[in-house]
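One structure below.
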Amino acid sequence: MSLDPKAASTLKLRSRHLVTNLGRDDSHIESEAMLKAIRAEKLFDGLSDHPQLGRTVVIEDGLIVDVVADDPALPAESEQFDTPLLAPGFIDMQINGAMDVLFNDQPTVETISRIAQGARRGGCAYLLPTFITAGGQAYRQAMCAARDALDQGVPGVLGAHLEGPFLCKARPGIHDAAAIRMIEPADIDHLLDHRSGVRLITLAPEEQPPGTIQKLADAGWIVFAGHSDAGFDQMAFAMGEGLRGVTHVFNAMSQVTPREPGVVGSALADRGLFAGIIADGHHVHPANLRLAADRLGADRLCLVTDAMPTLFGTRTSFSLTGKDIHLSDGRLIEVDAGENLVDGRLAGAHLSMIDAVRNMIRLTGVSTGEAIRMASATPAHALGLVGELGRIAPGYRAGLTLLDEGLGLLGVIVDGCRLD
């Protein structure tokens, strides 16, 4: 797709976009969006692990219309700016909170908007706000909030991620074990009735009736295994029903043993499963990060933050499922009334997507291009968004992360709009 000077001069520059009013999390304003040209010294397109040099990305009406080697001739009033490094907009499949709010505490559009703002401060353009295990059918309110956020055009929101309550009581992690339960017919009905945006659900396959994953997958749900004690054969059966991936691999799941590969071994052994991983240096040992990178590669390993309210917030402690959580040395840990560590248990992460990218490079030796792919193109693939997100190419949504040479964050563009 080529944009010659004559064609560029006749493009309509008055396409309208919804832009978040960052002064108020619960409101949006309309803004005139001009044709944009972003000149990048290095461009990672989400397909190759090697950068393209000296590229200009042309954006109009929220979409990428061209990527050219030379600067296009644009009308004088067009918005044009430069960046040392340009990447596809990062996508976080698992983020629980940010900026002092937690989705579980208040599953509302306002909370989602604030979490999205915090995610952008960490380089993330798109996200799935994540609602963890809660009593009864509390997840329904979260799904309604995600639907309303999509309807209201909250920038960057793709849908929602339900992490529980259909998990394994033997692998609760920080989740409330008392609220963990098997899925019931009424749950299936509610989940199948919800068809707004991307719908990701984490469950324990071994705890669900046969056919459950098949029904969800057939209805468009993306099903991941997590907080699970499943064996290799149980994972194979789940994959036959449509299981697509594994949530925060290595954490809260059955491990590799001599006679039973477990969930971890199933993820590392199979070429069909995606896996999210928390690369904060606390949840997963660097040697296991390297193992995952080697076995799954940049095409199947997805960086996630599992972030909590402390991310870009003012709080250093909060309550989660009735437990007191404190931020200490970069870790979120459960503490008792005397502020003593409880069993070394981690409670989500204090991590942004750009830090996950940097950590993956530093701790495992993967290339910059591979780490960027794990934060963009691979999550897009896992979520069924190939052809829409995760690439810098004509026809894709204009979601971009702007970086300097040292991988310092310079800005985020969501559907053609540069947002704070």
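Observations on the model:
- Per-residue SASA entry for residue 321, accessible area with 1.4 Å probe, Å² rounded to 10: 50 Å²
- Note on the range 75-203: the alpha carbon radius of gyration divided by the globular reference 2.2 N^0.38 Å gives 1.21.
- The solvent-accessible area of residue 353, taken with every protein chain present and a 1.4 Å probe, is close to 0 Å².
- Here the Debye sum runs over all C-alpha atoms of the range 43-122 as equal scatterers in vacuum, and log10 of I(q)/I(0) at q = 0.11, 0.15 Å⁻¹ comes out as -0.48, -0.74.
- Within the shell defined by Cβ-Cβ distances under 13 Å, the residues around residue 306 carry a net charge of -3, with Lys and Arg each +1 and Asp and Glu each -1.
- Taking a sphere under 14 Å around the Cβ of residue 352 and counting the other residues whose Cβ falls inside, with K and R at +1 and D and E at -1, yields a net charge of -1.
- Alpha-carbon centroids, the range 247-302 and the range 138-184: separation in whole Å: 23 Å
- Computed accessible area, residue 42, all protein chains, 1.4 angstrom probe, square angstrom: 70 Å²
- Computed over the Cα atoms of the chain, the ratio of the radius of gyration to the Kirkwood radius (Rg/Rh) comes to 0.97.
- 10 Å beta-carbon shell around residue 320, net charge (K/R +1, D/E -1): -3
- Using the rule -39500 (n - 2.57) for each DSSP H run of four or more residues, divided by the residues of the chain, the 222 nm mean residue ellipticity is -7000 deg cm²/dmol.
- Helix screen, the chain: no DSSP H segment has Cα axial length of 24 Å or more and mean Kyte-Doolittle hydropathy at least 1.0.
- Solvent exposure ordering (accessible area, 1.4 Å, most first) of 39, 120, 295: 295, 39, 120
- Its Cα centre serving as origin, the chain has a Cβ charge dipole (Lys and Arg +1, Asp and Glu -1) of approximately 380 debye.
- The chain, accessible surface, carbon-and-sulfur percent (1.4 angstrom probe): 48 percent
- Mean separation of Cα contacts under 8 Å (6+ apart) over length of the chain, as relative contact order %: 20 percent
- The magnitude of the dipole of the range 176-248, with charges of +1 and -1 set on the Cβ of Lys/Arg and Asp/Glu and taken from the Cα centre, is near 300 debye.
- The range 170-283, relative contact order [Cα under 8 Å, separation at least 6], %: 23 percent
- Restricting the calculation to Cα atoms, the range 258-310 yields a radius of gyration followed by a Dmax of 12.0, 40 Å.
The values are calculated or read from the model by the stated rules, or taken from the named source; none is laboratory data. This is a predicted model, so every value here is computed, not measured. Note: ideal-geometry Cβ built from the backbone for every residue, glycine included; neighbour counts use all protein chains shown. Each accessible area value is taken on the protein alone, full model and side chains, heavy atoms only, with ligands, DNA and RNA left out. Shrake-Rupley method; radii C 1.70, N 1.55, O 1.52, S 1.80 Å.
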